Amino acid sequence: MRKNRLVPVLVVLIAALLPMACEGPAGPPGPPGNANVISFSFTLNPETLRYNGPVASVGYDVPEITPSVVEGGAVLLYFYEQGTWTALPYTFAYESADLPAVDFTVTLGYAFEVGFLEVFYEASTDEIDLRQLALVQTPRQLKVVIIDGFPVGKAPIDLRDYEAVKAYFGLVD
């Protein structure tokens, strides 16, 4: 009879001591950032643009844009100008020297699909030769942020504000 009482006592004692054996010293801190976010910068060089009427564009192979990103994530693009990162798309207005009115606009925008990112300038009229605009012929620093598995519609941040995106996801420039 004593053996039968001893078995439950030993089981309880072992169960109580087992969690203590699983703890060890804390490991080193991991790298900053977020496992489902990738960010990198690149230069949009005018000599790489292809022209087609009012559009000048260039495509980039970006394998980080996966089906998961396209279906349930986000691809954000920013350009650097006057000390700040500004979200795309962005529209520049050109005014005539004679009239205080906008003559035409040029939009700097982007599109993406699995494995591919396209950056483009698009004029509001066919009458503009993008090859002649200093805006288009100036190299631009761009930053792409690729977020996998992020419900953009429920974002607690302003995705148009790069500094807010950088802080929220722990991005390092």
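Throughout, read-outs are computed from the coordinates displayed, never taken from laboratory work. Every value quoted in this text rests on a predicted model; they were computed, and no experiment measured them. With ideal geometry, Cβ positions are generated from the backbone for all residues, glycine too; neighbour counts draw on all protein chains shown.
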Can you list the HN-Hα couplings for region 160-173, worked out from phi with the Karplus curve (6.51, -1.76, 1.60; θ = phi - 60°), rounded to whole Hz and with x for Gly and Pro? 7, 9, 4, 4, 5, 4, 4, 5, 5, 9, x, 6, 10, 6
Among 117-123, 55-61, how do they line up by average Cβ neighbours within 10 Å per residue, starting with the highest? 117-123, 55-61
Long-range share for region 67-173, i.e. C-alpha pairs more than 20 Å apart as a percent of all pairs, stands at 50 percent
With a 10 Å radius around each residue's Cβ, average the other Cβ atoms per peptide and rank 105-111, 81-87, 43-49, 141-147, highest first. 141-147, 105-111, 43-49, 81-87
